[in-house]
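Trainee: Quick one: this structure, given as structure tokens, is what I'll be asking you about.
Every number in this text was worked out from the coordinates using simple rules, so none of it is lab data. These numbers come from a predicted model, not from an experiment. Cβ placement follows ideal geometry from the backbone for every residue including glycine, while neighbour counts extend to all protein chains displayed.
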Ligand SMILES: [Zn+2]
């Protein structure tokens, strides 16, 4: 059993960089990523091994300072409102791409 005052060590999933801190300072995440952008650690987070249809119903939740200065990431199932929001964002993206390809004036 870990006491509240005990420290634990968290490793960056991308580069292995570690940080040691009190357990109560750590939020749950599937993957912890350091903030060193030159290592591109976030890009190393694996995608869930599901069919494309199921992956479209998942979102990657990011939490700043989940463990000290580390970011925390976890996959969650998108709720109904989030799926609607994703649908609207995709419509906007597709409309923008259409405008760029057809070079229509934006009015
Ligand atoms: Zn890292």
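Trainee: What number, rounded to the nearest 500 deg cm²/dmol, is the helix-based mean residue ellipticity at 222 nm of the chain, given -39500 (n - 2.57) per DSSP H run of at least four residues and division by all its residues?
Mentor: Estimated from H runs of four or more residues: -8000 deg cm²/dmol.
Trainee: Can you give me the relative contact order of the chain as a percent, contacts being Cα pairs under 8 Å and 6 or more apart?
Mentor: Working: 135 pairs, mean separation 24.0, N = 107.
Once divided by the residue count of the chain, the mean separation gives 22 percent.
Trainee: In addition: Given just the C-alpha atoms of the range 7-78, how large is their convex hull per residue in cubic angstrom? Mind showing how you got there, number by number?
Mentor: Values: hull volume 6.1 nm³, N = 72.
Residue-normalised Cα hull volume stands at 84 Å³.
Trainee: Sticking to Cα atoms, compute the Rg of the range 43-103 to one decimal and its Dmax as the biggest Cα-Cα distance, whole number, in Å.
Mentor: For the range 43-103, the Cα-based Rg and Dmax read 15.2, 47 Å.
Trainee: For Cα pairs less than 8 Å apart in space and 6+ apart in sequence, what is the mean separation divided by the residue count of the range 11-52, i.e. the relative contact order in percent?
Mentor: Values: 33 pairs, mean separation 20.3, N = 42.
RCO, the range 11-52: 48 percent.
Trainee: Among 53-66, 20-33, 85-98, what's the highest-first ranking by average C-beta atoms within 10 angstrom per residue? It would help to have the intermediate numbers written out before the result.
Mentor: Values: 53-66: 13.3, 20-33: 15.6, 85-98: 10.8.
Top of the packing list down: 20-33, 53-66, 85-98.
Trainee: Sticking with the crude label model, points 7 Å out along Cα→Cβ, report the distance from residue 37 to residue 63 in nm, one decimal please.
Mentor: Each label point is offset 7 Å from its Cα along the Cβ direction, giving 2.4 nm.
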